[in-house]
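The values are calculated or read from the model by the stated rules, or taken from the named source; none is laboratory data. Since the structure is predicted, the reported quantities are computational estimates derived from the model, not experimental observations. Heads up, the Cβs are rebuilt from the backbone with ideal geometry, glycines too, and the neighbour counts pull from every protein chain shown.
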Amino acid sequence: MSSRTSRRARPVLLVLVALLLAMAPNTPTLAATAPSDVRASAPTRGAEVVGVRQVADRQVDLSVRSSALGGRTVNVRLLTPDGWNPQDRRRHWPTLWLLHGCCGDYTSWTSRTDIARTDSLRDVLVVMPEAGWNGWYSDWWNYGQGGDPAWETFHTGELRRLLEDDWGAGPQRVVAGLSMGGQGALLYAARHPGLFKAAAAYSGSVHPLLNDESVNRIMGFFAGQGNDPLRVWGDPVAQRNVWAAHDPYYLAKRLKTIPVYLSCGDGTAGPLDPPGAKNALEADFNRQNHALATALERAGAHHVTTNFYGPGTHSWPYWERELHASLPMLLGALRAPAAS
């Protein structure tokens, strides 16, 4: 399901990048202070661009300092549409947010898939934000104190406004993600009604409260890199309300009005796996996705597409395939008239 590489001529190099090159002609990368032609970020927005780097054709990395992340600087990769020029504040582009999974980062989608060569994405701004090795697209509970990290606030508030004010992102948005990012895509669409016009989850962690196995597995992910697992959503019993507020299964009614795409394998060796492959994580997520599909049906959702393709593990070849399979739905929602 791969797309042909576009043979369209590349427009003249972005004015933004040319200006940056002129500022640092002998520097191979462009990580520096924000260019003078980009409007300074207002302090009330909580985030500002402090570095810009052109990493490949149509790929620009922004270094963003965020108040929601305790003043830390994280990266966001943009796959830019043909003709994109952030200096032209009159033009805004439909936007696809692509969210990475646990143990990945903002480079995952471009390094592991063919999205940069996908023709249907040449007139869409693709936003791939950093979300932490195991940030879980959430404002962490932190024993009731909140604060750093607040990934949900960073993405849906600070970064969104920054991109729409200064980097050509428009108000028409869809979101997709894999694994942890699949959960994030559904959470953001459900917890922020109207923010995204469609959502897709590939092998997503979409019902972490399904059973003890699911709870224990995600708690293990929460503990990654030496983190205290209770900081994220608290204790799954004592803070069950916090867990449920971040469990797409319990938010199904909020997803019933938008197109939703769910896909997952069953954890056994499939056509894109080496012989004998087996994956307990995918098997768990498969059960979670079936439960969510049932909850969506019960909630009265009429725009749900599922591809529970049986044999297949938790791996990139399937996620690339499923992204392509879901793009007609995602891009169709982007171009659909706004609801009245």
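Points to keep in mind about this one:
- Test: residue in the stretch 206-217 that is over 30 Å from ALA333 (Cα atoms), crowded, with 18+ Cβ neighbours inside 10 Å, of a type in the set (Ser, Thr, Tyr) and out of contact with any Gly (no Cβ under 6 Å at 6 or more places or on another chain): yes
- Scanning the stretch 307-331 for residues that are out of contact with any Phe, Trp or Tyr (no Cβ under 8 Å at 6 or more places or on another chain), without any contact (Cβ under 8 Å) to a residue 60 or more places away in the chain and outside any loop (DSSP other than H, G, I, E, B) turns up PHE308, PRO317, PRO328.
- Residue in the stretch 93-105 that is touching a strand residue (DSSP E or B) at 6+ places or on another chain (Cβ under 6 Å), surrounded by fewer than 19 Cβ atoms within 10 Å (Cβ to Cβ) and modelled with pLDDT of 95 or more present: no
- Of the residues making up the stretch 87-100, not a single one is aromatic (Phe, Trp, Tyr), closer than 30 Å to SER315 by Cβ, outside any strand (DSSP E or B) and touching a Lys or Arg at 6+ places or on another chain (Cβ under 7 Å).
- Where ASN134 falls short, out of the listed (1) under 18 Å from GLY226 (Cβ atoms); (2) at pLDDT 95 or above: (2)
- Scanning the stretch 151-168 for residues that are hydrophobic (A, V, I, L, M, F, W, C) and more than 15 Å from the chain's Cα centre (by Cα) returns LEU162, TRP167.
So that you can scan it fast, the table gives a plain yes or no per residue for (1) surrounded by fewer than 17 Cβ atoms within 10 Å (Cβ to Cβ); (2) farther than 20 Å from MET180 by Cβ:
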| residue | (1), (2) |
| --- | --- |
| PRO271 | yes, yes |
| ALA280 | yes, no |
| ASP284 | no, no |
| HIS302 | yes, yes |
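- When the criteria are applied in full, ALA131 fails the requirement of being assigned to a helix (DSSP H, G or I) and either in contact with a Phe, Trp or Tyr (Cβ under 6 Å, 6 or more places away or on another chain) or not charged (D, E, K, R) (or both).
- In the stretch 160-179, the residues that are within 23 Å of ASP247 (Cα to Cα) and in contact (Cβ under 8 Å) with a residue 40 or more places away in the chain: ARG173, VAL174, VAL175, ALA176, GLY177, LEU178, SER179
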